[in-house]
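Coordinate-derived values only; no laboratory data. Quick caveat, the model's predicted, so the values are computed rather than measured. Positions of Cβ are generated from backbone atoms using ideal geometry, with glycine treated the same way; all protein chains shown enter the neighbour counts.
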Amino acid sequence: MTGALEVRGVTKRYGKLKAVDNVSFTVEPGQIVGFIGPNGAGKTTTMRICATLVYPDTGDVLVRGKSVLDDPREVRKMLGFMPDSYGTYSNTTIWEYLDFFARAYGLRGDARARRVGEVMEFTSLAPLQEKEIASLSKGMKQRLCLAKTLLHDPPVMILDEPAAGLDPRARVELRELVHALAGMKKSILLSSHILTELTEMCDSVLVIESGELKASGALADLKRKLRPTALVFVRTLQGVEATERALLELPGVERVRAEGEGVMFEHQGGPEGLAATLAALIRVGLAPIEFTPQELDLEEVFLSLTQGKLQ
Ligand SMILES: Nc1ncnc2c1ncn2[C@@H]1O[C@H](COP(=O)(O)OP(=O)(O)OP(=O)(O)O)[C@@H](O)[C@H]1O
Ligand SMILES: [Mg+2]
């Protein structure tokens, strides 16, 4: 089965610069994929190619099997693209704006009124529908842009930095909207610079740098790949030295070192090995009050996968 969004070997050059270099990936229905990479990595260019706004030099993108090269009009019907910046419209209210785009999408009569109502409801813009767009805050404008993107109920959504400039509450709200859309089995590709947010929002990530995909997959898998050995912090009632002494006697335990009120060590034995280590500490008479495997956060994943090269 082909995915809802399938990017196949896409390359785009601007003069000598390879903005996108042989990039391939798939986003399945109901999946939220995060696109991360430093400034100039090629995220927007890739997304614009998916949205039929830029032609690739080589490769193709299929949206539900339709090609952006051969069938761009069909692709547009199935795709919602939220760009990273969009025009400002003065003397236009939220309702007028959405109604205008609903017309452009070919919605007529009752169907149009119903759909405009639905997207305003979904994005909580209904109470503000008479407000002028020029008077909206950044967060409200982002919602409006998302509402516009949803008018034709596209199965595939491409959101370029939808959370940029939003305050924490607005980000949580956006996250909930995106999850609700995934629950409707839409395929969602979204880029962001706010890494913690991608962790909470996405099932898997694509890391891109200098136009090349550096890594892809579920975050947990990427973390495991980058840190195959577990790093564990342990603190016991008996204190640092007794804990260190006990750990040094145990199989599989490596690189034991004091850290604050506890001890950090590494272990290669997987979850079973860690459980056995904890049981052994208790058996030799220690009373652990903390035993915490350290998670790599997305920022560390990002820094280890990219080199900070600008192009
Ligand atoms: N129309 C264009 N003409 C020439 N170069 C371009 C054009 N569009 C993009 N580029 C270049 O292609 C590269 C990738 O740009 P792109 O906008 O895709 O990066 P990005 O990953 O979205 O970055 P950011 O995180 O800053 O949004 C950059 O070096 C950029 O300067
Ligand atoms: Mg960009």
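Whole Å is fine, so just give me how far the alpha carbon centre of segment 46-77 lies from that of segment 193-215.
Cα centroid to Cα centroid, the span is 22 Å.
Distance in nm between label sites at LEU237 and ALA276, each 7 Å beyond Cα in the beta-carbon direction?
Placing both labels 7 Å beyond Cα along the Cβ direction yields 2.7 nm.
For segment 152-309, what mean projected area does the convex hull of the alpha carbons give, in nm²? Numbers along the way, then the final one.
Details: hull surface 50.1 nm².
Average projection, Cα convex hull of segment 152-309: 12.5 nm².
Can you give the FRET efficiency to the nearest 0.05 for HIS179 and GLU212, using r as the Cβ-Cβ distance and R₀ = 35 Å?
Efficiency, rounded to the nearest 0.05: 0.75.
Counting helices only, and only those DSSP H runs with n ≥ 4, report the 222 nm mean residue ellipticity of the chain as the sum of -39,500 (n - 2.57) divided by its residues, in deg cm²/dmol to the nearest 500.
Estimated from H runs of four or more residues: -11000 deg cm²/dmol.
Please give the length that would be gained between GLN268 and ASP221 if that part of the chain were fully extended, namely 0.36 nm times their separation in residues minus their C-alpha to C-alpha distance (nm, one decimal). If you can, show how the numbers build up before the last one.
Numbers: separation 47, 0.36 × 47 = 16.92 nm, distance 1.59 nm.
15.3 nm is the gain from fully extending GLN268 to ASP221.
For labels at ARG283 and SER90 in the simple 7 Å Cα→Cβ model, what's the distance in nm?
About 7.8 nm separates the two model spin labels.
Less than 12 Å from a label point 7 Å out along the Cα-to-Cβ axis of ALA126: which backbone N atoms in segment 158-180 qualify, by residue?
none
Please express the Cα-Cα pair-distance distribution P(r) of segment 22-163 as a list of whole percents, one per 5 Å bin, running from 0 to the bin with the greatest distance.
It works out to 2, 9, 18, 20, 19, 14, 10, 5, 1, 0, in whole percents.
Using per-residue counts of other Cβ atoms within 10 Å, averaged over each peptide, order 91-103, 168-180 from highest down.
In decreasing order of mean packing, 91-103, 168-180 become 91-103, 168-180.
Considering every Cα-Cα pair within the chain, what fraction, in whole percent, is farther apart than 32 Å?
More than 32 Å apart: 42 percent of the Cα pairs in the chain.
Between ASP110 and LEU303, how many nm apart are label points set 7 Å from Cα along the C-beta direction?
Each label point is offset 7 Å from its Cα along the Cβ direction, giving 5.9 nm.
Kindly rank 232-241, 20-29 from highest to lowest mean number of other beta carbons found within 10 Å of each residue.
20-29, 232-241
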